[in-house]
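Structure first, then comments.
The values are calculated or read from the model by the stated rules, or taken from the named source; none is laboratory data. For clarity, every value in this text was computed on a predicted model and none was experimentally measured. Every residue, glycine among them, receives a Cβ derived from its backbone with ideal geometry; neighbour counts consider all protein chains shown. The protein model used for the area step is the full one, side chains on, heavy atoms only, and it has no ligands, DNA or RNA in it. Shrake-Rupley method; radii C 1.70, N 1.55, O 1.52, S 1.80 Å.
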Amino acid sequence: MPKLHELTAKQTIQKIQDNEVTAQECVQAVFETIHKLEDKINAYVTLVEEEALNKAKEIDRKISDGKPVGKLAGVAIAVKDAICTQGILTTCSSRMLQNFVPPYDAEVIERIKREDGIIIGKTNMDEFAMGSSTETSYFGPTRNPWDTSRVPGGSSGGSAACIATNEATLALGTDTGGSIRCPASYCSVVGLKPTYGLVSRYGLIAYANSLEQIGPMTKDVYDCALFLSVIAGHDSKDGTSVNVEPKDYTKCLKNNAKGLKIGVPKEFFGEGTNEAVEKQVWNAIHKLEERGASHEETSLPNLEHSLATYYIIAMSEASSNLARYDGLRYGYRVDKDDGDWATVYSKNRRDGFGAEVRRRIILGTYALSAGYYNKYYLKALKVRTLIRENFTEAFKKFDVLIGPTMPFPPFKIGEKIQDPLALYMSDVDTVSTNLAGLPAISVPCGFTDGLPIGMQITAPPLREDLTLQAAYTFEQNTDYKTKKPAIN
Amino acid sequence: MVNAKHLNSTDKNNVTEMSTKNQNEVRIGLEVHVQLTSLKTKLFCGCSSDYKGKDPNSLVCPVCLGIPGALPVLNANSVDYAVMVALALNSKVSECMFFFRKNYYYPDMPKNFQISQYDQAGGVPLAVGGFLVIDVGTKRKKVRIGRVHLEEDPGRLVHQGAIDTSPYTLVDYNRSGIALLEIVTEPDLDSPKEARIFLQKLRSILEHLGIFAGRLEGSIRCDANISLTGGTRVEVKNISSFKEVERALSFEIMRQKNLVKKGLSVKHETRHWDESRRVTISLRMKEKEHDYRYFPEPDLVPITITEDFVENVKEKMPELPEARISRFVDAYGLPQYDAEVLVSDKALADFFECTVKLYDKPKEVSNWMMGDLLRNLNENNLVLTDCKITPEHLVEMIKLIEEGVISGKIGKRVLPEMVLTGKQPSLIIKEKGLVKISSRDALEGIVEQVFSEHPSCVEDALADENAVHFLVGQLMRATKGKADPQLANQLIHEKLESLKK
């Protein structure tokens, strides 16, 4: 019999509805776990225990009064600190926003609240989502629950770690170039980056707006489908939101891969891919074949340019998106504002941003400058189109594309942080789907030396159902889901 | 998603034909910013655009304050309005339009970038090309339009006194995000006067399109590029009203000519028009063009403007000034000049048509409006929409004259009261006792009085018909103009006849 904090969202909701337990008990159990483990993990920047327990009481009252409750009633949800929560500190793990309390809720938060989900805290991340290891956080790195000397991946490292340790039942991450899938892979949880435009970005603090999406990070595939059903859907406040009918993604979960055509691009197994990772992913593909799928090796040659393209576009957009942080209206401000506004702005930005953020702003500014714009930014946009065309071609033949989420298992904290290029290289298998705006899921598919490995399943635009069903079938026929880090 | 194909730079901009005329020739190009206040809301959020007189920073939301995470969403009506203007200016409406970010730091910009359609690299704005024909004296002149595009207004900086001496700057973001239409002319204007005429015509068009309330201060602003032939171009910013345009341009031309006379060079720079001191002051040197790092706005998708859409807008287009002038000439029989003056200001033209609906003598109405009404407005530095006079009241006054209740002369005294107080003319007449004296009994005594006070004039009048006018004038004066002029004339003649006997 699992303890309350170990339950999945589906189980939690069921037990609360059946009056076996109260929402309050469930939330309390999660907070007990948080208090026990946070010193070792550092998954959270902010906790809102009192508010969460009050909300749980409210839901319990509704249930005892026989009133209807929402789809996520009583579930403890952690939110990446890049997503605005009204009245709750939202820092982006940056000194710049260490005192920023948003005056409004992001659209996804409104949707969660409407379904009676309970926000329990804000999770640690790479500063402004710039990183793949959660080491650039102003509040210190989050640690990998499977080996606390290692990184949890990033940038949504806090969200992945808190799911792996049962410090939350569901979590929201954001994914600009792999920031949901990378930590999901490194912490052995499920993480989905939805199709660009499927989930509203309203209230997501922008890093690179043409690439990023908010998505679910969960204990299993069912929870992922459930959570996606709540947060997805058209939002008139986001001009890039896709106008599609709301959908219950849990309905597409069948333990069956019959007729599923899998493409295996060789570019996902490029130079530097760890042998154990490669082997486990192939095992996973064969597992799906046992359930009726077929595979074929293929090639998407333009993926070779994904990393360069991604970093130019992301940094260019970031240099503009982060211009607003000048300390005038909100955010970090140096003590003495002597001097003209330009001097004060410079001081605020120099001290308020960390080194990686400053690096990307400077590189992005350079890439957009007169004389370089055509050479870098415009060229990157053109290559982006070519990459998208490669995927379009591939999906004429295949239902999904499969490869490793990360080329190698989690590395040591401090191992790559002094070498930005090595760190950027770790995104090699994830950035292309952001460039093409496609849905992709990372699902646990094994271990090497006790460190998790994740499989990435990519599908055509708006075919989240395909990624979810393939991941679900795999999960149902393996026992990786039941493996939990010893720290629990 | 932006298709890179559309982003190829064409380098068509910055082609300025420089003629080799003499040094004193002036070339002026205008960048006119029109606030689309008729949109009711701002360009990218639902905040009210009616910000005049509101408490500072009271009409703001996460979007127009640039709060992290907030996203812009285009107000669809802004495209209708902008296309309407483009059509009225004979511009070519683009099939697809993009928004770009113009990146620069300034305290009036909450995001430290402005969402605009100008990208300096040949990106596609809402409309390109076009022209507007203006009448300068007797000649007609075609002023070429470079481009028409949409962008967001920054916030407003408030200073204590002049910008360069104020000890602090306050920022009001109520204006931040208001829809602006930028209309850029080629440097085709030769004088401050032409610039004023151009702007007046443009304003009339915009008012007729119903897209902005031009009377609101700051709702139409312009920057001007001014150069002497062969000389360096200077940009003058912060010209906030029509009256200021002529002043600012005249000052700047004089300044440049003086420099040339002294053998000094005109620097390539941006200058600020200081309205209170009536001088332009240097703000920043333009030795190097600012690098705005334009790139496509990722939060807004490109907008396709179909032919059907344009046709639809065309059908909805209200009557434009040129057509209205012709109609005034044809339907009301007004002289061309009258029609032009009335239509130059939509409020005047509307007032005229309302009045004519109530009183079917167009020329009579036009005469009162062109003469006394306009003179009164000008003398009091008023515009028609500021004052309370109504078409009903003007009709009543004209009818009072027609019915002989007051004289035309009294009418000229009643009208200013109507303009200033908005009172009904009959009430003014009653209050001031201005009803015409048409009874023989009331006037005969006064005639006696005039004759006894001016005996020598009576002598003259007996001999010379022309001197009679003086006596009539005296009678009118003694009755403060209220005497029925015909009767006054008649009584004076009768009295003279009786003396002759």
Only one of A:Lys287, A:Lys279 is under 23 Å from A:Met425 (Cα atoms) and in a helix (DSSP H, G or I); which? A:Lys279
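Which count do you get for residues in the stretch A:349-370 that are polar (S, T, N, Q) and modelled with pLDDT under 95?
The initial filter retains those residues of the stretch A:349-370 that are polar (S, T, N, Q), namely A:365, A:369.
Right, trim to modelled with pLDDT under 95 and you get A:369.
Total satisfying the criteria: 1.
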Which residues, counting only those in the stretch B:162-182, are in contact (Cβ under 8 Å) with a residue 40 or more places away in the chain and more than 22 Å from the chain's Cα centre (by Cα)? B:Ala162, B:Ile163, B:Asp164, B:Thr169, B:Leu170, B:Val171, B:Asp172, B:Tyr173, B:Asn174, B:Ser176, B:Gly177
Unmet criterion (only one of (1) free of Cβ contacts under 8 Å to residues at least 40 places away in the same chain; (2) more than 9 Å from every other protein chain (Cβ to nearest Cβ); (3) in a helix (DSSP H, G or I); (4) buried (at least 17 other Cβ atoms within 10 Å of the Cβ)) for A:Leu303: (1)
Anything in the stretch B:453-480 that is crowded, with 19+ Cβ neighbours inside 10 Å, at pLDDT below 85 and not aliphatic (A, V, I, L, M)? List them, or say none. none
Can you tell me which residue among A:Ile109, A:Ile163, A:Ile120 is within 14 Å of chain B (Cβ to nearest Cβ) and open to solvent by less than 10 Å² (accessible area, probe 1.4 Å)? A:Ile109
Selection from the stretch A:364-399 of residues that are facing chain B (nearest Cβ under 8 Å) and more than 27 Å from the chain's Cα centre (by Cα): A:Leu368, A:Ser369, A:Ala370, A:Tyr373, A:Asn374, A:Leu378
The residue that is most open to solvent (accessible area, probe 1.4 Å), considering only those in the stretch B:123-161 that are small (Gly, Ala, Ser) and more than 20 Å from the chain's Cα centre (by Cα), is B:Gly161
So B:Pro167, is it within 14 Å of chain A (Cβ to nearest Cβ) and open to solvent by less than 30 Å² (accessible area, probe 1.4 Å): no
Given the criteria crowded, with 23+ Cβ neighbours inside 10 Å and either at pLDDT 95 or above or not charged (D, E, K, R) (or both), does B:Val85 qualify? yes
List pairs: first in the stretch A:326-349 and without any contact (Cβ under 8 Å) to a residue 40 or more places away in the chain and within 9 Å of another protein chain (Cβ to nearest Cβ), second surrounded by 19 or more Cβ atoms within 10 Å (Cβ to Cβ) and of a type in the set (Asp, Glu), Cβ under 7 Å, 6+ apart or cross-chain? A:Tyr345/A:Asp326
Within the stretch A:68-86, which residues are within 14 Å of chain B (Cβ to nearest Cβ) and either open to solvent by 10 Å² or more (accessible area, probe 1.4 Å) or of a type outside the set (Lys, Arg) (or both)? A:Val79, A:Asp81, A:Ala82, A:Ile83, A:Cys84, A:Thr85, A:Gln86
For the stretch B:315-360, which positions are in contact (Cβ under 8 Å) with a residue 24 or more places away in the chain and outside any helix (DSSP H, G or I)? B:Met317, B:Pro318, B:Glu319, B:Leu320, B:Gly333, B:Leu334, B:Ser344, B:Asp345, B:Tyr359
Residues of the stretch A:1-24 that turn out to be in contact with a Leu (Cβ under 6 Å, 6 or more places away or on another chain) and surrounded by fewer than 18 Cβ atoms within 10 Å (Cβ to Cβ), as a count: 0
Selected residue (criterion: nearest to A:Asp39 (Cα to Cα)) from residues of the stretch A:166-203 that are within 14 Å of chain B (Cβ to nearest Cβ) and assigned to a strand (DSSP E or B): A:Leu172
Applying the selection to the stretch A:211-237, what residues are under 22 Å from A:Ser316 (Cα atoms) and either touching a helix residue (DSSP H, G or I) at 6+ places or on another chain (Cβ under 6 Å) or in a strand (DSSP E or B) (or both)? A:Leu211, A:Gln213, A:Ile214
